Amino acid sequence: MRIIAGRHKGLRLTSVGNGDPAARLRPTPDRVRESLFSILAARSLPNEKTRVLDLFAGTGALGLEALSRGAAHVTFVEVGRPAQKLIAANVAKVGREANTNLLKLDATRLPSATAEPFDLVFLDPPYGSDLGQRALRSARDWLAPDALVVWEDDCSHDPPEGYVPDNDRGFGTTHITFLRRASQRLP
């Protein structure tokens, strides 16, 4: 696993091999990340103003790729201890502690937002679970109006209340659903 492009291009991240099923770690393959970031680049994302929220962050590879490509800040949300250690090791490896924050929280039970809103969200819950829907409901107040959500799973998803569909792409067994946070605030 490596950073594909940008400031940290080619840097090898701490590996978990083919994943850690016990810790529910399943890194996004390099080719899927490359395709995903090509799609985002066509939308001028990330850029120097982009604040990224990486839910179910795992190794942190998606958020770190965004930082490498110019994002201003990434907040990683991860409850698993093995993944928290990997994220900390990978952030140290790229030397970007000042541009990151690791929240050791359950992504489905986020507290009220206290920071600037996020423009781009990576959502990579365990495949086949309902955790993505729950995390998006939990994160709604953390997001800027029209924030883009990139949801990785093994199938496409209908947006939960407060989100609208944007795009949908398949990459073998990986499916990426793009959603936008609805501009209007819901009760």
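Can you tell me which condition residue 49 does not meet? The list is (1) surrounded by fewer than 21 Cβ atoms within 10 Å (Cβ to Cβ); (2) over 14 Å from residue 6 (Cα atoms); (3) at pLDDT below 95, and all the others hold.
Single failed check for residue 49: (3).
Given the residues 64, 86, which is the only one that is surrounded by 16 or more Cβ atoms within 10 Å (Cβ to Cβ), more than 24 Å from residue 40 (Cα to Cα) and either in contact (Cβ under 8 Å) with a residue 12 or more places away in the chain or under 12 Å from the mean Cα position of the chain (by Cα) (or both)?
Values: 64 fails: more than 24 Å from residue 40 (Cα to Cα).
The conditions single out 86.
List every residue pair whose Cβ atoms sit under 6 Å apart, with the two residues 6 or more apart in sequence or on different chains, where the first one lies in region 172-187 and is closer than 14 Å to residue 120 by Cα and the second, anywhere, is of a type in the set (Ser, Thr, Tyr) and modelled with pLDDT of 80 or more.
177/156; 179/163; 181/163
Could you grab me the full set of residues in region 141-163 that are more than 22 Å from residue 47 (Cβ to Cβ) and either of a type outside the set (Ser, Thr, Tyr) or touching a Cys at 6+ places or on another chain (Cβ under 9 Å) (or both)?
Hits for region 141-163 are 141, 153, 154, 155, 157, 158, 159, 160, 161, 162.
Picking from 158, 154, which residue would you name as being at pLDDT below 95 and either out of contact with any Gly (no Cβ under 7 Å at 6 or more places or on another chain) or under 16 Å from residue 52 (Cα atoms) (or both)?
Answer to the selection: 158.
Do you know which residues across region 155-174 are surrounded by 13 or more Cβ atoms within 10 Å (Cβ to Cβ) and either assigned to a loop (DSSP other than H, G, I, E, B) or hydroxyl-bearing (Ser, Thr, Tyr) (or both)? Don't jump to the end; show me each part of the working.
As a first pass, look at region 155-174 and keep what is surrounded by 13 or more Cβ atoms within 10 Å (Cβ to Cβ): 156-157, 159-160, 162-163, 165-169, 171, 174.
Passing the criteria: 156, 157, 159, 160, 162, 163, 174.
Could you check region 90-101 and list, in sequence order, the residues that are in contact with a Ser or Thr (Cβ under 8 Å, 6 or more places away or on another chain) and more than 11 Å from residue 67 (Cα to Cα)? So that I can check it myself, show each step before the final result.
Taking region 90-101 as the starting set, the residues that turn out to be in contact with a Ser or Thr (Cβ under 8 Å, 6 or more places away or on another chain) are 90-91, 93-94, 100-101.
Hits for region 90-101 are 90, 93, 101.
Hey, any hits in region 139-147 for a residue that's farther than 21 Å from residue 37 by Cα and touching a helix residue (DSSP H, G or I) at 6+ places or on another chain (Cβ under 9 Å)? Spell out how you get there, then give the answer.
Of the residues in region 139-147, the ones farther than 21 Å from residue 37 by Cα are 139-142, 145.
Right, trim to touching a helix residue (DSSP H, G or I) at 6+ places or on another chain (Cβ under 9 Å) and you get none.
The answer is no, given that none of the residues of region 139-147 is farther than 21 Å from residue 37 by Cα and touching a helix residue (DSSP H, G or I) at 6+ places or on another chain (Cβ under 9 Å).
When residues of region 98-122 are filtered for being in contact with a strand residue (DSSP E or B) (Cβ under 6 Å, 6 or more places away or on another chain) and of a type in the set (Val, Ile, Thr), how many remain?
2
Which ones in region 67-80 are free of Cβ contacts under 8 Å to residues at least 40 places away in the same chain and either at positive phi or surrounded by fewer than 17 Cβ atoms within 10 Å (Cβ to Cβ) (or both)?
72, 79
If residue 119 satisfies every condition in (1) surrounded by fewer than 19 Cβ atoms within 10 Å (Cβ to Cβ); (2) out of contact with any Phe, Trp or Tyr (no Cβ under 7 Å at 6 or more places or on another chain) but one, which is the exception?
Condition not satisfied by residue 119: (1).
The values are calculated or read from the model by the stated rules, or taken from the named source; none is laboratory data. What you see is a predicted model; the values in this text were computed from it and never measured. Methodologically, a virtual Cβ is constructed for each residue, glycine included, from the backbone with ideal geometry; neighbour enumeration extends over all protein chains shown.
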